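Trainee: Sharing a structure below in structure tokens format, with a few things to ask.
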């Protein structure tokens with residue numbers, strides 16, 4: 001990194017889950033399931049598709065950037081001055097799936113957003129696990 005390039009920070013959360021990648025993929029890409037653990041959305045898992053996540057505090061505008069079905073998905077996550085990218089990576093394991101989420105793009109001046117994401121994503125993961133436990 002050069003001296004005039006600001007440091008970009010990333011929030012990462014990784015968990016080993018006792019669910020097949022196919023099941024987790026459904027919860028990451030189907031709007032009615034996303035709403036149960038993240039936010040209301042009009043998400044469609046297709047590269048180039050724009051979508052919105054909405055919550056009481058406001059909205060996140062996004063666009064699907066890349067998809068490898070049941071393996072990874074990346075989308076932009078733009079809200080309140082933050083322009084970031086969220087990437088989900090699913091890796092099959094003997095007991096289920098290792099799920100990793102990275103949100104990158106936090107500038108040094110976005111300390112509040114960075115710490116909010118660092119605190120919020122583990123709670124979203126908890127909600128995701130509850131949704132997964134209830135799926136057939």
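Trainee: Out of 128, 99, I need the residue that is assigned to a strand (DSSP E or B), in contact (Cβ under 8 Å) with a residue 12 or more places away in the chain, farther than 21 Å from residue 8 by Cα and within 13 Å of the chain's Cα centre (by Cα). Which one?
Mentor: Of 128, 99, the one residue that is assigned to a strand (DSSP E or B), in contact (Cβ under 8 Å) with a residue 12 or more places away in the chain, farther than 21 Å from residue 8 by Cα and within 13 Å of the chain's Cα centre (by Cα) is 99.
Trainee: Considering only the stretch 36-81, state which residues are at pLDDT below 95 and more than 23 Å from residue 126 (Cα to Cα).
Mentor: Within the stretch 36-81, 80, 81 meet the criteria.
Trainee: Among the residues of the stretch 63-83, write down those that are more than 11 Å from the chain's Cα centre (by Cα), within 25 Å of residue 111 (Cα to Cα) and crowded, with 18+ Cβ neighbours inside 10 Å.
Mentor: Correct list: 82 only.
Trainee: Checking residue 56 against (1) out of contact with any strand residue (DSSP E or B) (no Cβ under 9 Å at 6 or more places or on another chain); (2) in contact (Cβ under 8 Å) with a residue 24 or more places away in the chain, only one condition comes out false. Which one?
Mentor: (2)
Trainee: Could you tell me which numbered condition residue 34 fails, if it satisfies all but one of (1) without any contact (Cβ under 8 Å) to a residue 60 or more places away in the chain; (2) surrounded by fewer than 18 Cβ atoms within 10 Å (Cβ to Cβ); (3) within 11 Å of the chain's Cα centre (by Cα); (4) not in a strand (DSSP E or B)?
Mentor: Only one criterion in (1) without any contact (Cβ under 8 Å) to a residue 60 or more places away in the chain; (2) surrounded by fewer than 18 Cβ atoms within 10 Å (Cβ to Cβ); (3) within 11 Å of the chain's Cα centre (by Cα); (4) not in a strand (DSSP E or B) is unmet by residue 34, namely (2).
Trainee: So, in the stretch 98-136, of the ones that are at pLDDT below 95 and closer than 21 Å to residue 25 by Cβ, which residue ends up surrounded by the fewest Cβ atoms within 10 Å (Cβ to Cβ)?
Mentor: Across the stretch 98-136, the extreme among qualifying residues is 136.
The values are calculated or read from the model by the stated rules, or taken from the named source; none is laboratory data. Since we're looking at a predicted model, the values are computed, not measured. Every residue, glycine among them, receives a Cβ derived from its backbone with ideal geometry; neighbour counts consider all protein chains shown.
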